[in-house]
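This report concerns only the one structure given below.
The values are calculated or read from the model by the stated rules, or taken from the named source; none is laboratory data. Since the structure is predicted, the reported quantities are computational estimates derived from the model, not experimental observations. Here the Cβ is made from the backbone with ideal geometry for all residues, glycine too, and neighbour counts use every protein chain on show.
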Amino acid sequence: MHNGHPGNRENDEGTTEEVTRRKCADCAKAFGPGEAQILWRGRSVKTELAIRCLPCEEARLEKLGAACANCGGPIFPHTQVSVMVGLGGARQVAHSTFECSPAGGAFYGYWGEGKLESSYERIEQC
Ligand SMILES: [Zn+2]
Ligand SMILES: [Zn+2]
């Protein structure tokens with residue numbers, strides 16, 4: 001029984017069933033796209049599920065992602081990053097955000113799948 005908002009048929013569960021189920025690109029299981037929390041190296045990370053289900057997105061980030069050299073947070077595959085060359089020439093990647101990119105001494109780069117695909121254009125210090 002509904003206790004009735006006239007002219008407004010809402011369902012009592014408070015959830016909409018209109019979320020389109022999609023097939024995961026990796027495991028072919030159905031999943032509901034949208035915002036989700038995945039677990040990455042012990043921290044909860046907000047992400048948007050678009051073409052993969054949650055477990056596959058987790059596995060993909062674990063396998064192909066990187067840790068930000070500045071904040072320690074995850075860098076997702078296919079993301080613009082800042083590249084820093086540390087002592088001994090080791091390259092480190094960081095989020096290309098204002099907070100995570102140091103002024104000067106860094107390159108822009110592109111984090112692909114498990115590796116740095118390109119680094120270019122020295123960030124000018126001015
Ligand atoms: Zn999947
Ligand atoms: Zn960061």
Residue list for the stretch 58-76, restricted to those being touching a Lys or Arg at 6+ places or on another chain (Cβ under 9 Å) and among the basic types (K, R): R60
The stretch 30-47 residues that are without any contact (Cβ under 8 Å) to a residue 24 or more places away in the chain, paired with ones that are of a type in the set (S, T, Y) and more than 16 Å from ligand 2 (Cβ to nearest atom) (beta carbon under 9 Å, 6 or more apart): G32/T20; P33/T20
Residues of the stretch 97-126 that turn out to be acidic (D, E) and modelled with pLDDT under 85, as a count: 2
Residue match in the stretch 81-89 (condition: within 16 Å of ligand 2 (Cβ to nearest atom) and surrounded by fewer than 17 Cβ atoms within 10 Å (Cβ to Cβ)): yes
